[in-house]
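Single-structure report; data block below.
The values are calculated or read from the model by the stated rules, or taken from the named source; none is laboratory data. Not measured: the values here are computed from a predicted model. Ideal geometry is used to build each Cβ from the backbone, glycine not excepted, and the neighbour counts take in all protein chains shown.
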Amino acid sequence: QVQLVESGGGLVQDGGSLRLSCAASGRTFSSGTMGWFRQAPGKEREIVAAIRWSGTYYADSVKGRFTVSRDNAKNTVYLQMNSLKPVDTAVYYCAASPRVRIAVSEAAPYDYWGQGTQVTVSS
């Protein structure tokens, strides 16, 4: 059984930083794609960042502030979030696919999802 477990969310002030982690178990995704999505109240789920062997992808809204990385030995993906803004407030979800040839910015191609972790940025 595949599980993705996120951690690291919380409350932070405008301009602060948080580091999210997503630990996968049940199968390895070292040769696949792992992504971070977020969903704010009343809004659709949107891509934040993704990583696969060929490189990384970032939404325009987080470029230069967020960094996605992975530790294949630990089967874990991270999202370092700096210069956080109130508009970044959302539930953040980890997603994974064993494939690399997917549309990384779309939610549908990902096969596995975590339960989500809340990130709240106060002004």
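Exactly one of (1) charged (D, E, K, R); (2) out of contact with any Ser or Thr (no Cβ under 9 Å at 6 or more places or on another chain); (3) under 20 Å from residue 8 (Cβ atoms) is unmet by residue 44. Its number?
(3)
For region 1-51, how many residues meet the condition of being of a type in the set (A, V, I, L, M) and more than 28 Å from residue 122 (Cβ to Cβ)? Lay out the reasoning, then the answer.
Step one: filter region 1-51 for residues of a type in the set (A, V, I, L, M), giving 2, 4-5, 11-12, 18, 20, 23-24, 34, 40, 47-51.
Subsequent filtering for residues that are more than 28 Å from residue 122 (Cβ to Cβ) retains 2, 24, 34, 51.
Within region 1-51, residues that are of a type in the set (A, V, I, L, M) and more than 28 Å from residue 122 (Cβ to Cβ) number 4.
Out of all the residues in region 75-106, which are modelled with pLDDT under 95 and closer than 21 Å to residue 26 by Cβ?
Of everything in region 75-106, those that are modelled with pLDDT under 95 and closer than 21 Å to residue 26 by Cβ turn out to be 75, 98, 99, 100, 102.
Take residue 54 and decide whether it is in contact (Cβ under 8 Å) with a residue 60 or more places away in the chain and more than 10 Å from the chain's Cα centre (by Cα).
no
Which fully enclosed strands (runs of 3 or more DSSP E) of region 1-92 have 3 or more residues being buried (at least 16 other Cβ atoms within 10 Å of the Cβ)?
18-25, 33-39, 46-52, 66-71, 76-81
Looking at (1) touching a strand residue (DSSP E or B) at 6+ places or on another chain (Cβ under 8 Å); (2) farther than 19 Å from residue 1 by Cα; (3) not hydroxyl-bearing (Ser, Thr, Tyr), which is the only condition residue 23 fails?
Only one criterion is unmet by residue 23, namely (2).
Of the conditions (1) within 16 Å of residue 16 (Cβ to Cβ); (2) in contact (Cβ under 8 Å) with a residue 40 or more places away in the chain, residue 66 clears all except one; give me its number.
Going through (1) within 16 Å of residue 16 (Cβ to Cβ); (2) in contact (Cβ under 8 Å) with a residue 40 or more places away in the chain one by one, residue 66 breaks only (2).
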